[in-house]
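A.B. asks: Before I ask anything, let me first share the structure, which is written out below as structure tokens.
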Amino acid sequence: MTGLTSFYREKEAYLLGIGFIVFLLALWQCVPLLITLPRGYALFFTTPSRIAATFYRLLVEGQIQEHFYVSVAAFLSGLGIAIAVGLPFGIVMGRSRTLDALSDPYVTALNATPRLVWLPLFILWFGIGIWSKVMIVFVGAVFPLLINTYAGVKNVDRVLVNVVRSFGANEWQVMKVVVLPNSLPYIIVGLRLAIGRAILGVVVGEFFGSSKGLGFMIASAASNYKVDVVFAGVAIFMGLSLILTLSVKKLENSLARWRPEAAKNF
Amino acid sequence: MGLKEKYHEYHRPILGMASVIGLILLWELTLTYLIPVDPFFFTKPSLIGTAFREQLFGERLWRDLAISSRAFIWGFSLSVIVGIPLGAVMGWRRRVEYTLDPLLTALYASPLVALAPLLIIFFGVGLLGKAVLVFLLAVFPFIFNTSAGVKSADPLLINVVRSFGGKELDLYLKVILPGTFPYIVAGTRLAIGRGLVGIIVGEFYAASEGIGFAIQNYGDTYRLPDMFVGIIVLSAIAVALTELLRKAELMVAPWRAGEEIR
């Protein structure tokens with residue numbers, strides 16, 4: 001008995017956390033057994049077991065894979081462009097005060113506004129297809145990367161820069177030896193936020209500007225009242241963002257062990 | 001030399017304004033003289049200006065804004081009412097945190113917007129559907145920031161209050177709440193951004209009025225100047241709210257200035 005108690009004490013956090021999720025899922029599963037739903041609501045209701053069965057069926061039929069690849073393609077290309085644009089711009093803005101002042105109004109305004117407002121314009125310009133999605137993923141993901149890179153570069157210790165300069169380093173060497181290593185933890189934080197925004201962009205972009213992809217699958221299933229397909233799609237997005245964000249978070253923690261943990265911020 | 005010093009003092013806003021004015025001029029001139037504009041695909045500042053004046057004196061813009069803000073305020077208030085107490089309990093009671101944290105973290109990290117079609121179908125295209133979506137997105141920053149704030153309460157201060165015979169209520173009012181306040185203000189800023197996403201997606205998806213609907217509707221009907229007016233108005237509101245909260249953050253917690261990550 002003591003073994004069990006000490007086991008519980010040790011793993012209390014995990015047991016309670018996972019136990020609560022399992023409990024909620026079980027409760028959800030039992031709702032139809034406990035109460036009879038009115039006919040109108042039964043249409044919108046599904047249970048975890050039915051969602052799992054639907055998920056498996058869609059997987060076997062290959063529907064999920066088909067939509068999945070489309071979504072991943074938009075996600076990766078949008079995020080890739082965002083990294084390719086956001087990092088250099090962030091570094092330049094951090095190193096040059098004039099460029100910083102010139103671009104500040106745009107960065108502030110675009111960052112404060114949800115970038116999804118541009119979606120109708122992108123659909124109008126690029127049509128329904130991958131490019132409007134890539135663009136909406138790009139504008140969503142680029143600002144966290146740019147702003148965090150900028151913050152990292154700005155935060156560089158002036159003394160270190162001066163030391164390296166005194167020893168005759170040029171701007172490129174200052175960058176390589178001092179600025180980039182110092183900014184890396186910030187860039188990783190930016191990457192984590194950017195992944196969240198990019199997934200948001202894929203979801204919403206596919207709701208409206210698409211005829212394929214997981215977001216499209218969710219939207220079209222919802223309008224046909226196939227609630228379990230909706231939840232299967234939502235589950236994939238949840239799993240994807242959890243895996244990606246948590247692995248970047250791990251990287252972040254190992255890179256910046258000395259920094260105190262702030263409030264969670266996705 | 002007075003002028004030069006003035007320039008140095010204000011060089012950031014001066015350069016910023018110059019770059020905005022420069023871009024607008026460049027945009028206008030390029031599309032007027034170099035590349036004639038196809039009004040179906042692009043527009044220029046003078047046309048946006050005309051549309052802006054028309055909408056400002058019209059009725060529709062104001063009605064759309066009123067409708068969107070009503071849904072926003074309902075959802076947002078609900079997330080404050082639910083998020084702050086829940087966060088406080090999570091920060092104060094270890095077992096409650098253990099129980100709720102994995103679930104809430106998973107929900108916070110995942111794109112809950114994916115549920116939008118279902119919520120809209122279930123709760124309707126009107127006020128309720130949008131308010132629920134806003135609540136669902138905006139509640140998490142309140143929960144996690146309040147919890148972080150409560151956890152940051154100094155144990156020494158807590159002991160002092162207890163030693164002087166303070167009651168549980170004194171503890172909350174004198175130590176925990178003041179320490180939590182800066183965190184809540186920071187959370188509010190995050191929540192506003194997420195709440196705006198909720199409104200926009202809700203109105204893009206299915207609505208017959210509201211600012212998000214207006215933007216999409218103008219886009220569908222190729223009325224680009226009007227669409228840009230909607231985007232500009234929305235940006236102005238978002239910037240005003242965010243900057244206001246940033247100022248509030250600096251006021252309630254000047255020592256945290258500059259350390260946060262946007």
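Read-outs: derived from the displayed coordinates by stated rules, not from any lab. Since the structure is predicted, the reported quantities are computational estimates derived from the model, not experimental observations. Here the Cβ positions follow ideal geometry from the backbone for every residue, glycine too, while neighbour counts run over all protein chains shown.
A.B. asks: For region B:52-254, what D do you get in µm² per second when you plug the Kirkwood radius from alpha-carbon pairs into Stokes-Einstein at 37 °C and 0.692 mPa s?
C.D. replies: Estimated via Stokes-Einstein, D reaches 177 µm²/s.
A.B. asks: Do any trypsin sites (Lys or Arg not before Pro) in region B:84-153 lie in a loop, going by DSSP, with at most 13 other beta-carbon atoms within 10 Å of their beta carbon, and if so which?
C.D. replies: Sites meeting the loop and neighbour criteria: B:Arg93.
A.B. asks: If I model the protein assembly as shown as equal point scatterers sitting on the Cα atoms and use the Debye formula, what is log10 I(q)/I(0) at q = 0.12, 0.13 Å⁻¹?
C.D. replies: Values returned for q = 0.12, 0.13 Å⁻¹ are -1.30, -1.49.
A.B. asks: Another one. Give the angle, between 0 and 90 degrees and rounded to the nearest 10, that separates the Cα long axis of helix A:2-34 from the longest principal axis of the Cα atoms of chain A.
C.D. replies: Roughly 60 degrees, rounded to the nearest 10.
A.B. asks: Okay, moving on. Work through the residues other than B:Phe204 whose Cβ is under 14 Å from its Cβ and net out their charges, Lys, Arg +1 and Asp, Glu -1.
C.D. replies: My count for the surroundings of B:Phe204 gives -3.
A.B. asks: Can you give me the C-alpha center-to-center distance between region A:111-177 and region A:12-73, rounded to a whole angstrom?
C.D. replies: 38 Å
A.B. asks: Now a separate question. Testing the spin-label approximation: label points 7 Å from Cα along Cα→Cβ at A:Ser49 and B:Phe122. State their distance in nm.
C.D. replies: Distance between the two pseudo-spin positions: 2.1 nm.
A.B. asks: Working out 0.36 nm times the residue gap between A:Val72 and A:Leu37, then minus their Cα-Cα distance, what length gain in nm do you get to one decimal?
C.D. replies: Length gained between A:Val72 and A:Leu37: 8.8 nm.
A.B. asks: How far, in degrees from 0 to 90, does helix A:180-208 lean away from the longest principal axis of the Cα atoms of chain A, to the nearest 10?
C.D. replies: 40 degrees
A.B. asks: For B:Phe40, put the label point 7 Å out on the Cα→Cβ axis and report which residues of region A:108-126 keep their amide N under 17 Å from it.
C.D. replies: Only A:121-126 pass the distance filter.
A.B. asks: Still on this structure, I have one more. Given the pairs B:Lys130/B:Lys174; A:Lys154/B:Lys4; A:Lys176/B:Lys4; A:Lys154/B:Lys6; A:Lys11/B:Lys151; B:Lys4/B:Lys247, which span a C-alpha to C-alpha distance of over 27 angstrom in this model?
C.D. replies: Violating the 27 Å limit, Cα to Cα: B:Lys130/B:Lys174; A:Lys176/B:Lys4; B:Lys4/B:Lys247.
A.B. asks: Next up: Using helices alone, what [θ] at 222 nm do you get for chain A, with -39,500 (n - 2.57) per DSSP H run of 4 or more residues, divided over all residues and rounded to the nearest 500?
C.D. replies: -27000 deg cm²/dmol
A.B. asks: Still on this structure, I have one more. Using the basic label-point model (7 angstrom from Cα toward the beta carbon), what is the B:Glu54 to A:Val22 distance in nanometres?
C.D. replies: 6.3 nm
A.B. asks: Something else: How high is the relative contact order of region B:52-254, given as a whole-number percent (alpha carbon pairs under 8 Å, six or more residues apart)?
C.D. replies: Computed over region B:52-254, the figure is 27 percent.
A.B. asks: Still on this model: What's the FRET efficiency of A:Val85 with A:Cys30 using the Cβ-Cβ distance as r and R₀ = 51 Å, to the nearest 0.05?
C.D. replies: Working from the Cβ atoms, E equals 0.50.
A.B. asks: How much net charge surrounds A:Val72 when only the other residues with a Cβ under 15 Å from the Cβ of A:Val72 are counted, with Lys and Arg +1 and Asp and Glu -1?
C.D. replies: 0
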